[in-house]
Every structure is written in C-alpha cells, then in structure tokens.
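The structure appears right after this line, and notes come after that.
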Amino acid sequence: MIKLADVSYVRLGTRDLEGATHFATEYLGLDVAERAKGSVYFKSDAREHTLCYFEGDPGDQVVCFEVEEQSHLDEAATQLESLGHPVRRGTASEAALRKVHDFIAFRDPTGNPIELAWRPAYSGRRYHGARDAGITGFSHVGLCSSDLARDEAFWTKVTNAQVSDRIGDAPLLRIDEVHHTIALFPSPKAGIQHINHQVETGDDIMRSHQFLKDRQVRMVFGPGRHPTSSAKFLYFEGPEGMVFEYSSGVREIADELLWRERQFMFEPKGFCKWGAKPNITEFNK
Ligand SMILES: O=C(O)c1cccc(O)c1O
Ligand SMILES: [Fe+2]
C-alpha cells in the first residue's frame with residue numbers, strides 16, 4: 001500500500017507563460033516563488049511551490065503526492081509495475097526542477113500522470129499573496145476518470161486513499177483528516193479536472209467572486225456550499241480552460257471510526273446546498 005502523505009504540487013503546460021503568470025498572481029492570488037527558463041513556480045502556503053506553469057502542451061497536467069520515506073518510492077514502483085503501470089524514476093535534473101529529492105512517475109488507470117515525491121522543498125519564506133485572496137493553501141485536486149469504479153478501486157486499494165463521500169459514483173477521497181484531497185469525476189479524457197485552494201473565510205469567497213467577475217474572469221460554479229465537505233465554494237476558469245476552486249471550511253474527519261461515507265445525488269443539489277448550478281461539464285450528467 002502506497003502511503004500518500006499530502007498533495008504537493010501540480011505542473012501545468014501552457015502556450016502562454018506570461019498570461020498564465022498574470023492569472024496566477026493577479027487573479028488567483030499566488031506568489032511567484034521563482035522564474036526559471038521556460039517555467040514559473042508559484043507559492044500558496046508554507047511550501048516552496050505548489051504550482052508550476054511551464055511552456056508546453058496545455059494537455060500536460062501532472063499532480064504530485066508526497067511520500068514519507070525514500071524506500072516508499074521503490075516499494076510503490078514495484079507494486080505499480082506488478083499491476084501493469086510502467087514506472088519511471090525521475091532523473092536528478094528532473095528532481096531539481098521539481099524541488100524534490102527523488103521521485104517516480106506513472107499513470108493512473110485513466111492515464112492521468114501522477115508523481116510521488118520524497119522530500120519536496122518547504123520554504124522559510126512566508127506566503128502572502130500578490131492580491132489578498134485569503135488563500136491558506138493548495139488543498140485538493142479533481143482528476144478526470146474514464147471509469148469511476150475502476151479508478152476508485154485503484155486509489156483505495158493501491159494507496160491509502162479512503163472514500164469520504166460519493167456524489168453519484170464520483171468518490172471524494174481522503175488521505176488524512178481533510179475530507180478529501182483527491183476527487184474523481186467522470187470524463188472521457190485524462191487530465192486535472194479542477195485545482196482547489198482553501199481560503200480563510202466565506203467573506204474571501206464573496207470578495208473574490210466580485211473581484212474576478214469585475215475583471216471578466218469566467219465564473220463556472222457558485223458561490224455555493226458543498227453538502228459533502230460543507231465548504232463554501234467558488235469555481236472559475238483559468239488559462240487554457242483549467243477550473244480553479246476556492247473553498248472555505250472543508251470538513252475534517254477527526255474520528256474515522258465514527259465516519260460513514262454518504263451518498264449524494266449526481267445533480268446540482270448534490271454539489272451545492274444553496275441551489276447554484278454548475279457550468280462544469282464533469283459536474284453535469
Ligand atoms: O468540497 C466538496 O465537498 C466538493 C464536492 C464536489 C466537488 C468538489 O470540487 C468539491 O470540492
Ligand atoms: Fe473541489
């Protein structure tokens with residue numbers, strides 16, 4: 001069993017690095033951690049970086065999870081290979097680009113590129129945000145799934161992920177006390193379905209809604225409130241159609257023994273208890 005300790009970062013290809021950087025700083029509210037040749041690193045919390053945009057194919061979307069021991073990488077590689085997932089060991093220069101000590105790369109059953117990293121860099125520099133969006137950190141990803149039952153089985157049997165709740169057959173998966181760190185949504189293609197940052201309060205959600213709307217950022221869902229995690233939320237569109245979510249007040253499951261996964265309807269009311277309707281393909285039948 002592969003123990004995922006945390007979600008570390010996402011890497012997104014872009015055809016317009018300057019445009020993506022403008023969005024990430026001025027609109028989303030991240031800090032530039034570093035500008036390198038052909039890529040920009042962004043900071044959203046105590047980590048050195050949690051997002052990297054690089055010049056390349058916008059279809060190249062990678063999510064990385066942290067593991068606690070270097071030996072976990074070898075164990076994971078053996079297990080993944082035996083299950084038919086080819087595994088690639090990161091080279092030293094690739095690890096340096098990711099600001100990690102060591103990593104492996106593979107694809108989940110849908111074909112989503114996944115990395116597992118040992119010792120991702122944390123930072124002594126505090127995140128403060130180019131604009132005051134109230135971000136407290138990078139928190140979860142939605143992943144596309146071409147077969148929800150198969151992919152739920154992959155994540156829950158091969159890794160420590162556990163189902164917290166389901167919306168239709170879409171599982172919200174936790175790897176620690178946070179209600180979910182990975183969520184799977186139906187899609188014929190592979191890729192990252194959305195990227196979530198937590199914000200401090202419901203006021204931050206509403207303030208960003210006004211701020212982003214005034215600047216013609218395309219709103220795709222909310223403001224609303226998830227019945228599952230109970231978080232208030234807002235979804236909007238970033239560069240190359242990527243969906244970004246802010247949410248505030250995500251449930252923590254402190255006592256797993258007392259928690260039973262719940263079933264919600266794959267309908268707008270399963271996604272929002274205030275009645276907002278998603279304009280997001282993967283959230284609609
Ligand atoms: O927070 C949630 O519960 C949630 C539910 C549906 C879809 C999401 O993206 C979520 O974050
Ligand atoms: Fe989400």
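A few notes on this one:
- Couplings for segment 108-113, taken from phi via the Karplus curve 6.51 cos²θ - 1.76 cosθ + 1.60 with θ = phi - 60°, read 6, x, 6, x, 5, x Hz in order; Gly and Pro are left as x.
- Along segment 225-232 the Karplus relation, 6.51 cos²θ - 1.76 cosθ + 1.60 evaluated at θ = phi - 60°, assigns HN-Hα couplings of 9, 6, x, 6, 7, 6, 7, 6 Hz to successive residues, with x for each Gly and Pro.
- The trypsin sites (Lys or Arg not before Pro) of segment 163-207 meeting both criteria, a DSSP state outside H, G, I, E and B (loop) and at most 12 other C-beta atoms within 10 angstrom of the site's C-beta, are 189.
- Among beta bridges that DSSP assigns inside segment 1-158, antiparallel share in %, nearest 5: 70 percent
- Hydrodynamic radius (Kirkwood) for segment 160-285, which is based on Cα pairs only, to one decimal in Å: 15.0 Å
- The alpha carbon centroids of segment 1-34 and segment 104-126 are separated by 13 Å.
- Restricting segment 147-230 to GluC sites (Glu not before Pro) in coil, as DSSP defines it, with at most 16 other Cβ within 10 Å: 177, 200
- Dipole magnitude of the chain, debye to nearest 20 (Cβ charges: Lys/Arg +1, Asp/Glu -1, about Cα centre): 640 debye
- DSSP beta bridge pairing in the chain, given as percent antiparallel to the nearest 5: 65 percent
- Long pairs among 99/273; 3/277; 213/285; 99/269; 3/99; 189/232, criterion Cα-Cα beyond 30 Å: 99/273; 3/277; 99/269
- Taking every alpha-carbon pair under 8 Å whose residues sit at least 6 apart, the chain reaches a relative contact order of 17 percent.
- Sparsely packed loop sites in segment 236-277 (the GluC sites (Glu not before Pro) outside DSSP H, G, I, E and B with at most 16 other Cβ atoms within 10 Å) comprise 261.
- Springs between Cα atoms under 10 Å define the GNM used for the chain, and in it the highest mean-square fluctuation of 45, 214, 102 occurs at 214.
- The charge dipole of segment 11-82, taken about the Cα centre with unit charges on the Cβ atoms of Lys, Arg (+1) and Asp, Glu (-1), comes to about 360 debye, rounded to the nearest 20.
- Quarter of Cα convex hull surface for the chain, i.e. mean projection, nm²: 13.8 nm²
- The charge dipole of segment 152-285, taken about its Cα centre with unit charges on the Cβ of Lys, Arg, Asp and Glu (plus for the first two, minus for the last two), comes to roughly 500 debye.
- Gyration tensor over the Cα atoms of segment 26-152: the corresponding equivalent ellipsoid has semi-axes (square roots of 5 times the eigenvalues, largest first) of 27, 18, 14 Å.
Every read-out reported here was derived from the displayed coordinates using simple, explicitly stated rules and does not represent laboratory data. Worth saying up front: this structure is predicted, and the values here are computed from it rather than measured. Every residue, glycine as well, gets a Cβ built from its backbone with ideal geometry; the counts of neighbours run over all protein chains shown.
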